[in-house]
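One structure below.
Values in this text are rule-based calculations from the coordinates and carry no lab data. The model shown is predicted, which means the values in this text are computed figures rather than measured ones. Counting neighbours? That spans all protein chains shown, and the Cβs are built from the backbone with ideal geometry, glycine included.
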Amino acid sequence: MNCKNTPEGRTVRQKYADILPLSRPEPIKPRMTTLNRAKIFSPFAALRGYDEEISDQDRVQGLIAKAKLSEEDKGHLSDRLLQVKKGMTITVRYFHADAVYAPLGAYESLTGTVARIDPVYREIDIKTGTTTALRKSPPVTISFDDLVQVAGEGIVGIDDFLGLEEYPDED
C-alpha cells in the first residue's frame, strides 16, 4: 500500500520536507558488533535447556541393557565366588546401572581388595584404594546379580579347586 498519496501521507511529507532528503546521521558511539548484540539476548534463548538435552541424549546412546547370563555361566561365576576371601585382590566385571535411566547402564571393570563378601545379601564390597582430599573412598558394593566375571590370584577352575583329577578314557 502506498501511503504517500493519502491525505495523511501528504501532511507528513509537508511537515518533514526539510529533513527527508538528508542522509542518516552517523552515530556518536560506534555501533555494536552483531556478535555482541547476540550475547545480550543469549539469556533469553527460545530453546532453554536444549544444549543439556542434546548432551543427555548423547550419554543415553552409550548405555546398553543388561545381558542375561546362561545357567552355565552363572554356575562358573558361583564356583569362582566360592573361592573369594576377604583381603584377596580381585578383578571383577559388572553391570553398573545408570542413576537416571535405571534399566540401562554400562559394563565396568574394577580391581581392588575384597573388604566384605556377604552371601546372605548377595553383595561384595571392594576397596579400590583411591583417596579423595578428605579421606579414602568407601568400598564399592556390587550385587552378585550384576557380576559377569571374577578373576584373581588363587581363583581357579572348580575341578582344580576341589582337587578332582581327570581320568584318562579307558579303551
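Data overview
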quantity	calculated
By average C-beta atoms within 10 angstrom, highest first, the peptides 19-30, 48-59, 101-112, 145-156	145-156, 101-112, 48-59, 19-30
For the stretch 1-40 and the stretch 100-162, distance of Cα centres in Å	74
Tally of Lys pairs whose C-alpha atoms are under 27 Å apart, taken over the chain, 8 or more apart or cross-chain	15
For volume of the Cα convex hull per residue in Å³, calculated from these coordinates, the label among (1) 117; (2) 135; (3) 344	(3)
Spacing of the two label points (7 Å from each Cα toward its C-beta) at Thr34 and His96, in nm	4.5
